[in-house]
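Visitor: Pasting a structure here, questions to come.
The values are calculated or read from the model by the stated rules, or taken from the named source; none is laboratory data. These figures come from a predicted structure and were not determined experimentally. When we count neighbours, we look across all protein chains shown, and the Cβ atoms used for this are built from the backbone with ideal geometry, even at glycine.
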Amino acid sequence: VHPTAARRPHAIVVQSENTSYSDEYITASFKNRGAEVTVSDGQYIINPTVQSFEFQTKRAPSKTGLMMIGVGGNNGTTLCATILANRHNIVWHTKQGIQQPNYVGSLLRASTVRIGNDPATGKDVNVPVSDVLPMVHPNDLVLSGWDISGVPLDKAMQRAQVLDYDLQRQVAPHLALIGKPLPSIYYPDFIAANQEARADNLIPGSDKQAHLEHIRADIRKFKEDNGLDRVVVFWTANTERYSDIIPGVNDTADNLLASIKSSHSEVSPSTLFAVAAILEGEPFVNGAPQNTFVPGVIELAERHQSFIGGDDLKSGQTKLKSVLAEFLVNAGIKPLSIASYNHLGNNDGHNLSAEKQFKSKEISKSSVVDDMVDANRLLYKAPEVGPKGLPVGKGEHPDHIVVIKYVPAVGDSKRAIDEYYSEIFCGGRNTISIFNECEDSLLATPLILDLTILTELLTRVKYRKTSGETKEFAPLYPVLSLLSYMLKAPLVKPGTDVVNSLNRQRNALESFLKACVGLESNSDLLLETRIW
Ligand code: NAI
Ligand code: DG6
């Protein structure tokens, strides 16, 4: 057991008839309150609804492995090095002084949630988010992964040029023990041609079925060798181009499996990794923007009840945008244009300098303001209604452009400039310009940890409806939209709305964690402070 792994058995104990504890489970009852709204004669007719549920959370966190695809890249090596620095309590010298390892930037390990008031003082009581339910500690993750580049991780960390020299120097021997990434699959058509020089660590051949079996065997072996209960498979490799969605090829689970058998050219490496994880019953998270989750993958995940989440880590510029755009629209101010530019000089930037890979990133970076705009039809005109009563187009929307340029000199220190140009009172105009130095991999790494740890937790949570006929506890729906806070273009259950607002995403997550221990959702009503 690592020294930092010592944990209290019950960080939170809820004393209520809604919550019960056994050695194995925390069980909590929960009322899901909503409202059904219909429009009649220009009036909104609202019927409040309530459904009763129970959540059952297995208390013991799984012994969890994290297998990253792209482990030899900037994110992969930064994550491995910083976990090792935390685990071995490596401190290092910077020009400012001595630096301790930490998990700053992790929602789970470095932010808190309000759980109530101290009756003696009336003050809020806040606890670390990671204390609400039992979660894996990042130091305990067992690390491995694949990379098309065979450079061992200690050298790959140096190549990434992210961490301070003194940390690199001390952590290198620990990283060297992980050694060389597992060989991976490389289909040159999916990533930029400028990546070819890295591709020296490949699973031989071009038979996609054989590749799938190889990856599945890697996952099984890693699990067995390390006595793991759970392996989270995480794509933090290069951004791929979009795959074409072709009827008969990748539109259903069976067609996709057949296309893998026939080595169809439109099956991407990331889709193959997702299928391997699903067939092994292990969760898969996509940290990049491409459409790994073609319809056939989602159907396969449903069929195997295997968890998936994505797409694309939301680290710097887009995270700020999801807050700022919401702030403006919710303040009744109308953004007319959002112009987002950034330049960066790491290998991600090099790959994104190719048009098709840029396109994938452009799509994920552009969708992030849609729901805020759609929610305010006072500011933005709704779409016209067509002859069949259906909306035509998307309605009024701010102009929104995304530009990415590759400037090698700045390395991993991406510089992002955003201009928000808005209409204010009586035809006035307001311009907000932001310069944001996004230390790319240092912002992204804690998100990978949060996604991994939350994903593992969500595999331990089951639910059942208790209104009507009570059924057996069942796992959550395979698409883990509760991960949305960390993702630019959240994958959601087909047919349901995407929520991009960072506040709403966080609120959903906090409310869910609280519901699992029988606590009420977040309320800022604070009635006791408003009444005598
Ligand atoms: P990177 O280019 O440093 O690392 C990617 C690694 O993937 C490379 O080592 C490359 O050799 C490897 N790779 C490429 N194809 C592979 C395959 N088929 N199998 C195994 N390995 C493969 O990139 P970085 O900065 O680590 O980012 C990783 C991904 O995460 C990119 O897609 C990026 O767009 C995305 N991302 C990064 C964020 C950040 O702030 N760093 C934030 C949001 C997303
Ligand atoms: C250029 O934007 C490179 C990208 O990979 C980003 O660094 C990454 O997607 C993070 O983007 P953002 O918008 O969340 O800072």
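Visitor: Determine, yes or no, whether P204 is out of contact with any strand residue (DSSP E or B) (no Cβ under 7 Å at 6 or more places or on another chain), of a type outside the set (F, W, Y) and farther than 29 Å from L352 by Cβ.
Guide: No; evaluated as a whole, the condition is false for this residue.
Visitor: Among the residues in the range 419-434, are any within 14 Å of ligand 2 (Cβ to nearest atom) and exposed (fewer than 15 other Cβ atoms within 10 Å of the Cβ)?
Guide: Yes; the residues of the range 419-434 include at least one that is within 14 Å of ligand 2 (Cβ to nearest atom) and exposed (fewer than 15 other Cβ atoms within 10 Å of the Cβ).
Visitor: For the range 211-225, which positions are among the charged types (D, E, K, R) and surrounded by 12 or more Cβ atoms within 10 Å (Cβ to Cβ)?
Guide: E213, R216, D218, R220, K221, K223
Visitor: List, please: which pairs have Cβ atoms under 7 Å, are six or more places apart or on different chains, and start with a residue in the range 268-284 that is more than 14 Å from H211 (Cβ to Cβ) and end with one that is polar (S, T, N, Q) and crowded, with 23+ Cβ neighbours inside 10 Å?
Guide: Close Cβ pairs satisfying both conditions: P283/T455.
Visitor: The conditions are (1) modelled with pLDDT under 95; (2) within 16 Å of ligand 1 (Cβ to nearest atom), and F327 fails exactly one of them. Which is it?
Guide: Going through (1) modelled with pLDDT under 95; (2) within 16 Å of ligand 1 (Cβ to nearest atom) one by one, F327 breaks only (2).
Residue-wise test of (1) modelled with pLDDT of 90 or more; (2) of a type in the set (G, A, S); (3) closer than 30 Å to N346 by Cβ.
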residue	(1), (2), (3)
D371	no, no, no
L378	yes, no, no
P391	no, no, no
Y420	yes, no, yes
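Visitor: Among T318, T292, T271, which is the only one that is assigned to a loop (DSSP other than H, G, I, E, B) and touching a Ser or Thr at 6+ places or on another chain (Cβ under 9 Å)?
Guide: Answer to the selection: T292.
Visitor: Scan the range 342-361 for residues that are more than 8 Å from ligand 1 (Cβ to nearest atom) and not in a helix (DSSP H, G or I) and jot them down.
Guide: N342, H343, L344, G345, S353, A354
Visitor: Moving on to the next point. Being within 10 Å of W235 (Cα to Cα), assigned to a loop (DSSP other than H, G, I, E, B) and not hydrophobic (A, V, I, L, M, F, W, C) is the filter here, so list the residues in the range 274-288 that pass it.
Guide: Matches in the range 274-288: G287 only.
Visitor: Report, by residue number, each residue of the range 431-454 that is under 11 Å from M486 (Cβ atoms) and near ligand 1 (Cβ under 8 Å from one of its atoms).
Guide: L443, A444, L447
Residue-wise test of (1) within 16 Å of ligand 2 (Cβ to nearest atom); (2) within 27 Å of the chain's Cα centre (by Cα); (3) among the polar types (S, T, N, Q).
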site	(1), (2), (3)
Y165	no, no, no
R198	no, yes, no
H211	no, yes, no
V232	no, yes, no
E240	yes, yes, no
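Visitor: Within the range 283-305, can one find any residue that is at positive phi, modelled with pLDDT of 95 or more and more than 16 Å from ligand 2 (Cβ to nearest atom)?
Guide: yes
Visitor: Within the range 442-470, how many residues are among the charged types (D, E, K, R), buried (at least 19 other Cβ atoms within 10 Å of the Cβ) and outside any loop (DSSP other than H, G, I, E, B)?
Guide: Looking only at that region, the number is 2.
Visitor: Suppose we keep only residues that are within 15 Å of ligand 2 (Cβ to nearest atom) and part of a helix (DSSP H, G or I) within the range 405-418. Which one would you say is nearest to V369 (Cα to Cα)?
Guide: Applying the filter and picking the extreme gives V410.
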